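Below is one structure, written out as structure tokens; the observations come after it.
Just so you know, all these numbers are worked out from the coordinates, no wet-lab data involved. These numbers come from a predicted model, not from an experiment. Here the Cβ positions follow ideal geometry from the backbone for every residue, glycine too, while neighbour counts run over all protein chains shown.
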Amino acid sequence: MSADKAEPWLWLRTGEEVRWRGRPRVARILPSVVFGLAIVATATGLAILVDPVAVALAAFGVVPPAAAFLRVTNTEFVVTSRGLWVKTGVLGRTVRRVNGDRIQNTAYRQSVRGSLFGYGTVVAEVAGGSDVRFFDVRDPQSVEELIANCAPHDGGIPGRIDQWRAILATIRDVRAAVETPALRGDCREDGDGRSE
């Protein structure tokens, strides 16, 4: 899938670029295919043993794999230089965008089978929201690294050195004022109201 392909649901800000696009593996529909084949086998068995009209039930065996295929092919994950996108939906559409500055942590998971065949799930923890999951994607480690790098990191401490020196000077002044005997309460008055 082309990274520069214009999609009506994917709007990019000025200077934002697509770094990765993907979708779940089509092999994700295999359980639905097995279920559909079980429906066909059951309908065929009923047609042979009970009534030949029961073979019409075999048509329902197409529904689960077709629905699963449509779900997979209508799901898309995008990593940009400034955030994450997830698009899902067959009849309707749900699009979620998470800005990179809201991503707190990233991780990826691979089962034994996923490690053998090079796929897994990438999770991005989002501040103040539900996690974003890119499930059954190829090379999840590379995707996780891209997501970890899409958050804006300047690598330094905010502010200029002169601002921090001014803050330090103010804190030292406050500390000196608090540590003076008059403010600490160390002054003891004798009977005539004078300090010692």
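Listed values, structure above:
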quantity	calculated
Cα gyration tensor, region 25-74 - rounded (a/c under 1.5), prolate or oblate	prolate
5 angstrom amide H check on V126, placed H, neighbours 5+ away	Q104, D131, V132
Simple spin-label estimate for A47 and N99 in nanometres, 7 Å along Cα-Cβ	5.8
Nonlocal amide H pairs with T80, under 5 Å, H built at 1.01 Å	R19, W85
Cα gyration tensor shape for region 1-142, rounded if a/c is under 1.5, else prolate or oblate	prolate
Built amide H within the under 5 Å cut-off of Y108, gap 5+	V123
Relative exposure of V62, V126, judged by other C-beta atoms within 10 Å (fewest first)	V62, V126
